[in-house]
Amino acid sequence: MRRYAIYAVPGAGSDDTAEALALKATVAAWYARADLHDLAVNARRYGFHATLAAPFHLAAAHTEAELLLAATAFAAERAPVTIPGLRPTAMGSFRALVPSGDQKALNALGESVVRKFDGFRAPLTEADVRRRRASHLTARQRELFDRWGYPYVLDEFRFHLTLTDELPAERAAAVDAAAAQHFALVAGVDVPLSGITISVEPEPGAAFEIISVHPFTPSFSIPRFALETA
């Protein structure tokens, strides 16, 4: 059964900036490194992305076409956001590109996506529950998991672009050194995010594929009446 995900993918848009395209190309080269082949198996399968809505099966009441139309409408009502100062960083035993500086806009985007598209999500399967409800989750993360189907949303959300799978402790230092060198030219650069993408896993275990890109509206601003009634 197909699974869908809503991602942030810098460089996926046809009119993306040089900074976004350079970042995407640099990550592609990272995934292709022979010395990291066994350490990025899942990272490659899920593809270059930051998760906004974790993979989900489509609810029976909705179709793929409805999901894509909703994504188009959602994106059209938002302006591009900036991913500030990405740098390779440890996230537990994983490695990812993590922004620095003000992340309010990214956090707001993540929350908006989760709330807007939750109705498209089918209830989790037993396999989903086993995979995602890890024993190390905090009480708050379990609460979020039970409500939203994923523990790292809302106040537990942290925008990141995954670089590796879980690293063995004995290889972590070498990977950190490789990442620092590999991403030196793009580290600390502010990268515009121009839209959201819908990706799909065609069948269990298959690589995720981007099936649509939904651009934000560069000139979008909150209508004055909305400000006056807020």
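Label separation (residue 14 vs residue 2): 2.1 nm, computed from points 7 Å beyond Cα along the C-beta direction. Each Lys and Arg Cβ is given +1 and each Asp and Glu Cβ -1; about its Cα centre, region 1-138 then shows a dipole of about 460 debye. The GluC sites (Glu not before Pro) of region 110-217 meeting both criteria, a DSSP state outside H, G, I, E and B (loop) and at most 12 other C-beta atoms within 10 angstrom of the site's C-beta, are 166. Please work out whether region 38-91 counts as rounded, prolate or oblate from its C-alpha gyration tensor, where a ≥ b ≥ c are the square roots of the eigenvalues and a/c under 1.5 means rounded, while otherwise a/b larger than b/c means prolate and anything else oblate? Here region 38-91 falls in the oblate category.
Note on residue 41 and residue 207: the model spin-label points, each 7 Å out from Cα along the C-beta direction, lie 1.6 nm apart. Find which of 48, 188, 108 sits farthest along the positive direction of the dipole of the chain, computed with +1 on the beta-carbon of Lys and Arg, -1 on that of Asp and Glu, about the Cα centre. So the residue we want is 108.
Per residue, the chain reaches -11000 deg cm²/dmol at 222 nm when only DSSP H runs of four or more residues are counted, each adding -39500 (n - 2.57). A Förster radius of 35 Å combined with the Cβ-Cβ distance from residue 146 to residue 189 puts the calculated FRET efficiency at roughly 0.35.
Derived from the Cα gyration tensor, the three semi-axes of the equivalent ellipsoid of region 85-135 are 26, 20, 7 Å, largest first.
FRET efficiency for the pair residue 61 and residue 127, taken as 1/(1 + (r/R0)^6) with r the Cβ-Cβ distance and R0 = 25 Å, rounds to 0.70. Considering only the Cα atoms of the chain, their convex hull presents on average a projected area of 13.7 nm². Label positions at residue 137 and residue 34, each projected 7 Å from the Cα along the C-beta direction, are separated by 4.1 nm. Given their separation in residues at 0.36 nm each and the Cα-Cα distance between them, residue 102 and residue 82 gain 6.3 nm when the chain is fully extended. A simple charge model with +1 on the Cβ of Lys and Arg, -1 on the Cβ of Asp and Glu and nothing else charged puts the dipole of the chain at about 300 debye relative to its Cα centre.
Computed extension length for residue 154-residue 116: 12.4 nm, one decimal, from 0.36 nm per residue of separation with the Cα-Cα distance subtracted.
For region 24-151, the ratio of Cα radius of gyration to the globular rule of thumb 2.2 N^0.38 Å stands at 1.19. Close amide H contacts of residue 81 (hydrogens built in the peptide plane, cut-off under 5 Å, sequence separation of 5 or more or a different chain): 193.
No lab work stands behind these numbers, since they all come straight from the coordinates. Note that the coordinates shown come from a computational prediction; the quantities given were computed from them, not determined experimentally. Here Cβ is always computed from backbone atoms with ideal geometry, including for glycine, and neighbour counts include all displayed protein chains.
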